[in-house]
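Below is one structure, written out as C-alpha cells, with a few remarks after it.
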Amino acid sequence: MRLLVLFVLLFFCSYLSFAQSEDSTQTPMVFSGNVGFTNNGFSIIPTFSLDYPAFVANLSFRKKKLSFEPDIRLVPNAEKGGLIWWLRYRLVDNKKFGFRIGAHPAFTLIRRTDVEDGKTKEITEMLRFLAFEAVPSYQFNDKIGVSAMYLQGNGLQNHGPQLTRVLFLNANVTHMGMGKNLYFNLFPSIYFLYTDGYRGDYFTLTGSVAHKKFPFSLQSTINQTFTSNVPGNKDFMWNVTLNYNFKKIYKKLN
C-alpha cells in the first residue's frame, strides 16, 4: 500500500510539473469532482459491487486536454474497494463532437480465505489491473448528448479476472429544471460485458437531483440484468449516494 501511495504522489507531482510548465495564465488548471457516501459501492462496471456501504470519490485534475482522474471506492474499514488512477487525453474536444482516450492502473481489494500453518483466516488481497478506454461522444445541445465507451482491462496476476471487455452505449440528459433552483440529471446506459469467456447484457440508469446554490446532490443508480452467465451475477441492484460536489480553477498570477 505504501508503494501505491508513493506511485500516486510521484505521478501527481509529475502531472503538476507538466501543467505548470505551460502558460498558466492562458491555460488554468481545473480541480473538480465529488466525494460522498453510498449504501452500496458500485464498480466502474455497475454489475460488480461491494455489497457494502462505501466512501466514494471521483476527482479530476485537468489542464487543457490532459487530465488525471482518481476514482476511489472503499468500505469504511478499507478491507474491500477499488482504486483507479485514470490518465485521460481528449483528442477531439469540440462543442458538439468529442473523442477521448484513457488508460489506468487499477487496484481492487478483495477478501479471501487463506490457510497458514493449518489455520484458516480471512485476509485482504490486492488485485492489480491495467486498462484502457476509447470514448466518442456527441452533444446535441446543452442538455442532451450521447456517447459510447469501449473499456478493456487485463489482470496482472495469474488468478482472478484475466481479460475483461465491455462496451457501453450511453445517453445523458442534464440540467432539467424542477423549479427555480432544483434540477435533475439522467444517465441511461446499455452495456455488453465479456469476461474470461462469460457474457452479460445489462441496463443501468443513474439519476441525480441537485440545487444550483448548494454543493450537495442526491444520486441513485439501478442496474438490471437482461441476460448473463457471469458468476455471482445479480439480476437487480441499486444504491443511493449523497455527494459533495466542487470545482476550483487555479491560475498563475504574474
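Residues that are farther than 22 Å from Phe203 by Cβ and either free of Cβ contacts under 8 Å to residues at least 24 places away in the same chain or surrounded by 13 or more Cβ atoms within 10 Å (Cβ to Cβ) (or both) within the stretch 151-160 comprise Asn154, Gly155, Leu156, Asn158, His159, Gly160, listed in sequence order.
Among the conditions (1) part of a strand (DSSP E or B); (2) exposed (fewer than 14 other Cβ atoms within 10 Å of the Cβ); (3) of a type outside the set (Phe, Trp, Tyr), the only one that Asn170 does not satisfy is (2).
Within the stretch 225-238, residues that are closer than 11 Å to Asp201 by Cα sit with their Cβ atoms under 8 Å from residues that are aromatic (Phe, Trp, Tyr) and surrounded by 14 or more Cβ atoms within 10 Å (Cβ to Cβ), at 6+ positions apart or across chains, in these pairs: Thr225/Tyr202; Phe226/Tyr202; Phe226/Phe203; Ser228/Tyr198; Ser228/Tyr202; Asn229/Tyr198; Val230/Tyr198.
Identify all residues within the stretch 174-185 that are open to solvent by less than 40 Å² (accessible area, probe 1.4 Å) and of a type in the set (A, V, I, L, M); write none if there are none. Within the stretch 174-185, none qualify. Scanning the stretch 133-167 for residues that are more than 22 Å from Val92 (Cα to Cα) and not in a strand (DSSP E or B) yields Leu156, Gln157, Asn158, His159, Gly160, Pro161, Gln162. Considering (1) open to solvent by 90 Å² or more (accessible area, probe 1.4 Å); (2) within 20 Å of Met29 (Cα to Cα), say which one Phe61 fails and leave the rest. Phe61 satisfies all of (1) open to solvent by 90 Å² or more (accessible area, probe 1.4 Å); (2) within 20 Å of Met29 (Cα to Cα) except (1).
The values are calculated or read from the model by the stated rules, or taken from the named source; none is laboratory data. Values in this document were obtained by computation on a predicted structure and should not be read as measured data. Because the Cβ atoms are built from the backbone with ideal geometry, glycine has one as well, and the counts that use them run over all protein chains shown. The area values use the complete protein model at the heavy-atom level, side chains included, leaving out ligands, DNA and RNA. Shrake-Rupley method; radii C 1.70, N 1.55, O 1.52, S 1.80 Å.
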